[in-house]
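Step one of this worksheet: look at the structure below.
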Amino acid sequence: IKDKNTKDVRYGAILHEHENYEGTCYEFFNKTDFNLKGRDNIFPGNGVSSITVFLQPQPDERPEGKGATLYENISYNEGKPGGEKTLTAENYPDFSRLQYTYPADFTKAKEPDLHDNVSSIKIDSSYMALLFHNENFEGRCEVFRDDDPNLNEKTGNYIGEEEADSAKVIMIKK
């Protein structure tokens, strides 16, 4: 997304299928030629119901932090040992290919990979993360700009605890 009278692409957007930023999502950024007219195929039969807009950093700006850290247990593994994995700004289409790291004194892991095994998330200040229910960024999607100690649907999350199978981590300017 860019301002009409500039050549700079400064903003990005995530289109959501349903109200309250729920449903499947389609993100675009660093694109100068994107036009929604005639794009009925983004969400066939539904259209766009909500949108997340974010400011992108300039190429010479260095972000704070590393990205997003995913945790095997709720409350960032506090009170219960578990794995964690920090994701930097890139796409992760298949969580079954990502392994948690565990504390040195932890010898038995429930599941070694992240597939359907993420319960909480911490977001560094210059990033946001999109968690997807299915591999290859398909299915329902939820955008995280802040830490969340419990991804359970009962706590107001759309993605659900132990439900994420892919992610995109994006640098933003706050």
How many residues does segment 57-95 hold that are within 14 Å of V169 (Cβ to Cβ) and among the aromatic types (F, W, Y)? 2
Answer yes or no: is there a residue in segment 120-131 that is touching a Cys at 6+ places or on another chain (Cβ under 9 Å) and part of a strand (DSSP E or B). yes
Of everything in segment 66-84, what is open to solvent by 50 Å² or more (accessible area, probe 1.4 Å), part of a loop (DSSP other than H, G, I, E, B) and free of Cβ contacts under 8 Å to residues at least 40 places away in the same chain? Give them in sequence order. E78, G79, K80, P81
Does any residue of segment 156-166 turn out to be more than 19 Å from N73 (Cα to Cα) and either open to solvent by 10 Å² or more (accessible area, probe 1.4 Å) or free of Cβ contacts under 8 Å to residues at least 24 places away in the same chain (or both)? no
Answer yes if at least one residue in segment 121-143 is closer than 22 Å to G23 by Cα, touching a strand residue (DSSP E or B) at 6+ places or on another chain (Cβ under 7 Å), among the acidic types (D, E) and surrounded by fewer than 19 Cβ atoms within 10 Å (Cβ to Cβ), and no otherwise. yes
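Every residue, every condition in (1) modelled with pLDDT of 75 or more; (2) hydrophobic (A, V, I, L, M, F, W, C); (3) open to solvent by 50 Å² or more (accessible area, probe 1.4 Å); (4) part of a loop (DSSP other than H, G, I, E, B), yes or no:
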| site | (1), (2), (3), (4) |
| --- | --- |
| E17 | yes, no, no, no |
| T32 | no, no, yes, yes |
| I51 | yes, yes, yes, no |
| P57 | yes, no, no, yes |
| E64 | yes, no, yes, yes |
| T86 | yes, no, yes, no |
| A89 | yes, yes, no, yes |
| P103 | yes, no, yes, yes |
Go through segment 1-15 and give me each residue that's over 18 Å from M171 (Cβ atoms), modelled with pLDDT under 85 and open to solvent by less than 60 Å² (accessible area, probe 1.4 Å). T6
Return yes or no: is K174 over 22 Å from R97 (Cα atoms), touching a Lys or Arg at 6+ places or on another chain (Cβ under 9 Å) and not aromatic (F, W, Y)? yes
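The values are calculated or read from the model by the stated rules, or taken from the named source; none is laboratory data. The structure presented is a predicted model; accordingly, all values stated were derived computationally and were not measured. Reconstructed Cβ throughout: ideal geometry from the backbone, glycine too, with neighbour counts over all protein chains shown. Only protein heavy atoms, including side chains, enter the accessible area calculation; ligands, DNA and RNA are left aside. Shrake-Rupley method; radii C 1.70, N 1.55, O 1.52, S 1.80 Å.
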